[in-house]
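Values quoted throughout were computed directly from the atomic coordinates according to the rules given, and no laboratory measurement underlies them. Everything numeric in this text was worked out from a predicted model, so none of it was measured. As a convention, Cβ positions derive from the backbone with ideal geometry for all residues, glycine included, and neighbour counts pool all protein chains shown.
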Amino acid sequence: MKKLISILASVSMALTIFTPMGLPTEEAAAATTGDVVVNELAWMGTTVDYNDEWIELYNNTGNSISLDGWTLTAADGTPSITLTGSIQADEYFVLERTDDGTLSEVTANQLYSGALSNSGEVLELRDASGALVDEVDAWHAGDNTAKATMSRLDPATSGTDASNWTTATNTYAEGLGTPGTLNSGAGSQDNSCSDTTEHLNQVSNQPDAINIYFNKCALDQYASTGNEANYNVNLEERLLNRINEATTSIDFATYEINLPKVVDALLAKAAEGVEVRVIADAKDATDPHYIERFELMRLYVEEMVRGNDGVVGTADDITVFSDSPMLAVEDQTKRADHNLPSSPNDFPERTIMVGNTEMTGYVFVEGEQQTDGTYYSPDNQMHNKFALIDDKWVFTGSWNFTVTGLYGSDENMANGVLDGNQQHVVEVNSSELAGIYETEFNEMWGSNTLNPDVEQADFSSRKIDNTAHQVTIGGKTVEVFFSPGDDAVGRMAELVKTEADLSTYFTIFAWSDQALVDELKNKWEGSYVDQQGTLTGFDVKGVYDSSFWNQWWSASIEMTGRTATGSTNNPNTRWANAAPVYQDAESRKLHSKTMIIDADTSSDPTVIVGSTNWSTNGNDFNDENLLIIHDSDITNQFVQEFNARYTSAGGVVK
């Protein structure tokens, strides 16, 4: 159990009152002017009904505040609202008139009665002692025709300042406005990401170095002293640096690969005599989601298999192995584009059983065999993306080695524009950690030699837990887990339950694991029971990839109390108190899988990173890797990147 004295020593918590369990309680003292403000008003109603008025409050402080006994009243007596409940630090409190049907995308924190006059109102927000906390003296903005709200620009500036209000331009389901999120045009903080320059601030080649790279922007105003993150980084160049330094061996595990420079670098190293082993994920070649990209990948993989001289079976060939066999692409035009022979007939043409499907073609990559000589289907994913260089450098993270993953398009790649999916990379100079990863690699490879063993190889659920799970690297505790077999997501749930004292922030591509959701719910509102719990003061913030935001299985549904699109699931079996989590606003996918625990405190700041999505597939079927790094500086670097994602999605950070 972490000691309270160390938590109380944190400057950021100096004014927070603690319960015996070490969780911050709601602020009990009288509020001061501007602690909570009237932040947005739909005084004109919505496009559905002009009576559907709503009001949003914003907590301008770093503490949770009880609103019990507070009042929000109009000078003419209507509306006159007695507030109840709590408003979390840096968060919003939405009041809907009459019923909770006004806003389809937001759950009301409180209902009220009484209409707002379209000609204007004078509103006063007072705390339980009657002290004036905020005031709005007129409708300085808003549009009745467009049903666009009156939105506050700066919550730290007076509500009677006409220049501090604007007419909303962001669209929501019932009009123009931003209920429950950052206002249109708001920005008392400089949280923009207009700087696209690469920043390399924390890079070391020394033994025990741990370098963190983000391909998107980070907000380094949140850096601890001298700890600005590496951001807007060209991850391909970082990988090429490591490959080009190899002198003895490269073990390369990749879910996908179509970066020509990386392929060429691997080929060059194999030609120099470096032992290059590649494990590549096989896919269903008939799956419409994968046909084109898997075909492109196989062309690049065949380049590696043939080596620089293009001849099969010579010394410069790269050995490639997979969870399921790969058949060569036979399209002559596409082969010519990759300088491959017009026909792959120098590979054996075979008829093989892959899962329950009989396939005929030129087998150029072998796969794991079943005991009867047939092959496993490619249904489960070899989802790793890591490289081991000279048995000392580990290069891993969420980044697939693809054009889309980093650049977004071939044109962007040609121009050096990083408009791909949001990613992170961790590279570690540790022979001990590299040895653990090599054990995992060899388990899938089936041997510790240059040649794979198709019968001894084990992928997916056929693997066992055969690696150490904790190492010390430069004084930092680093935990390492592989899937399946190690219950990586189970360790995450345990970590949240037993070691998260103050906060958990996350960015996630796909999250469906219920145990992890439940542990975070209990931290957030002190109960595992559906629709029960009282806010504890534990801080939760998160961003989900938008493609999974409305999936019925996504943890986002529970955390926000919504009903998924097209789902009949009962929304009343969700968290009792919606959490401040958002769908991303990235130009492409939010691809990282990152959880940050107790950042910027003295309570063991920890970050969880890697390839593993927090799901049954990610934990029990796909081949994955996950690192848990206990270190304040590294965790703070992830906070800098998280804050950029969070504020762009609509969240507010102090």
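Computed from the C-beta positions of S409 and A128, the FRET efficiency with R₀ = 56 Å rounds to 0.50. Going 7 Å from the Cα of T33 toward and past its Cβ, which residues in the range 107-132 have a backbone nitrogen under 20 Å from where you end up? Label zone hits: 122-132. Ordering Y362, V48, F482 by the projection of their Cα atoms onto the charge dipole of the chain, which places +1 on the Cβ of Lys and Arg and -1 on the Cβ of Asp and Glu, puts V48 at the extreme positive end. If the chain linking S431 and T472 were pulled fully straight, counting 0.36 nm for each residue of separation and taking away their Cα-Cα distance, it would gain 13.6 nm. The fewest-to-most ranking of S603, S503 by surrounding Cβ atoms within 10 Å reads S503, S603. The number of Lys pairs in the range 466-649 with C-alpha atoms less than 16 Å apart, excluding pairs fewer than 8 positions apart on the same chain, is 5. From least to most packed, judged by other beta carbons within 10 angstrom and beginning with the fewest, R238, R97 follow the order R238, R97. Residues of the range 296-326 with the amide nitrogen closer than 18 Å to a label point 7 Å from the Cα of D337, along Cα-to-Cβ, please. Answer for this model: 296-304. With an 8 Å cut-off on Cα pairs and a minimum separation of 6 or more residues, tell me the relative contact order of the chain in percent. Normalised by residue count, the contact order of the chain is 12 percent. Here the simple spin-label model places points 7 Å from the Cα toward Cβ, and for T351 and D99 these points are separated by 6.6 nm. Under a model in which nothing but the beta-carbon of Lys, Arg (+1) and Asp, Glu (-1) is charged, the chain shows a dipole of about 540 debye around its Cα centre. Ordered by the number of other Cβ atoms lying within 10 Å of each residue's own Cβ, fewest first, C193, C217 fall into the sequence C193, C217.
Distance from the C-alpha centroid of the range 301-364 to that of the range 450-513: 33 Å, rounded to the whole angstrom. Ignoring lysines fewer than eight residues from K269 along the same chain, the ones with Cα atoms less than 28 angstrom from its Cα are K261, K283, K334, K385, K392.
The range 571-614 and the range 384-432 have Cα centres separated by 21 Å. Database remark: amide H of A576 closer than 5 angstrom to the amide H of Q531, Q532 (H placed geometrically; neighbours at sequence offset of 5 or more, or on other chains; Pro and chain starts carry no H). For the range 434-533, the set of GluC sites (Glu not before Pro) satisfying both a DSSP loop assignment and a count of at most 15 other C-beta atoms within 10 Å is given as E455.
The relative contact order of the range 36-176 comes to 26 percent, based on Cα pairs under 8 Å that sit 6 or more residues apart.
For W614, the amide hydrogen comes within under 5 Å of the amide hydrogens of A510, S512, counting only partners 5 or more places away or on other chains and with H modelled in the peptide plane. Projecting the Cα positions of L267, G397, L219 onto the charge dipole of the range 210-460 (unit charges on Cβ atoms of Lys, Arg, Asp and Glu, taken about the Cα centre) puts L219 furthest along the positive direction. Here the extension length gained between T314 and S461 equals 49.5 nm, from 0.36 nm per residue of separation less the Cα-Cα distance.
Calculated from DSSP H runs of 4 or more alone, at -39500 (n - 2.57) each and per residue, what is the 222 nm mean residue ellipticity of the chain, nearest 500?
Details: 12 runs with 123 residues, N = 654.
So the helix-based figure for the chain works out to -5500 deg cm²/dmol.
Computed from the C-beta positions of A156 and N205 and an R0 of 51 Å, the FRET efficiency is 0.70 to the nearest 0.05. Let me test this: with uniform point scatterers at the alpha carbons of the range 294-412, what is the Debye-based log₁₀ I(q)/I(0) at q = 0.09, 0.12, 0.21, 0.23 1/Å? With no solvent term, the Cα-only Debye profile gives -0.30, -0.54, -1.34, -1.38. Beyond 33 Å, what share of the Cα-Cα pairs of the chain remains, rounded to the nearest whole percent? Looking at the chain, the distances longer than 33 Å represent 51 percent of pairs. Sequentially through the range 603-611, phi angles give Karplus couplings (6.51, -1.76, 1.60; θ = phi - 60°) of 9, 6, x, 9, 10, 10, 9, x, 9 Hz, Gly and Pro residues having no value and appearing as x.
Would you please give the residues with an amide H less than 5 Å from that of G69, counting only those at least 5 places away or on a separate chain, with H modeled from the backbone geometry? Residues meeting the criterion, in which the H sits 1.01 Å from N, are L83. A straight Cα-to-Cα reach below 16 Å connects K216 with the aspartates and glutamates D195, E198, E228, E236, E237, D419, D545, D584, E586, E641, residues fewer than 8 places away in its own chain not being considered.
Think of the chain as a dipole: +1 on every Lys or Arg Cβ, -1 on every Asp or Glu Cβ, centred on the Cα centre; then among M382, P452, T534, T534 lies furthest on the positive end.
Couplings 3J(HN,Hα) of the range 119-130, computed from phi: 8, x, 9, 10, 10, 10, 9, 10, 7, 5, 8, x Hz, in residue order, whole Hz [Karplus 6.51 cos²θ - 1.76 cosθ + 1.60, θ = phi - 60°; x for Gly and Pro]. Available extension along the chain between A268 and A585 is 110.2 nm, counting 0.36 nm per residue and deducting the alpha carbon span. Remark: the range 466-481, residue by residue, has Karplus-estimated 3J(HN,Hα) of 10, 10, 5, 10, 8, 9, 10, 10, x, x, 9, 7, 10, 9, 9, 9 Hz, where x stands for each Gly or Pro and the curve is 6.51 cos²θ - 1.76 cosθ + 1.60 at θ = phi - 60°. Using Cα-Cα distances under 8 Å and only pairs 6 or more residues apart, what relative contact order does the range 439-557 have, in percent? After rounding, I find 17 percent. Shown is the FRET efficiency for D530 and T225, computed with R0 = 51 Å from the Cβ-Cβ distance and rounded to the nearest 0.05: 0.70.
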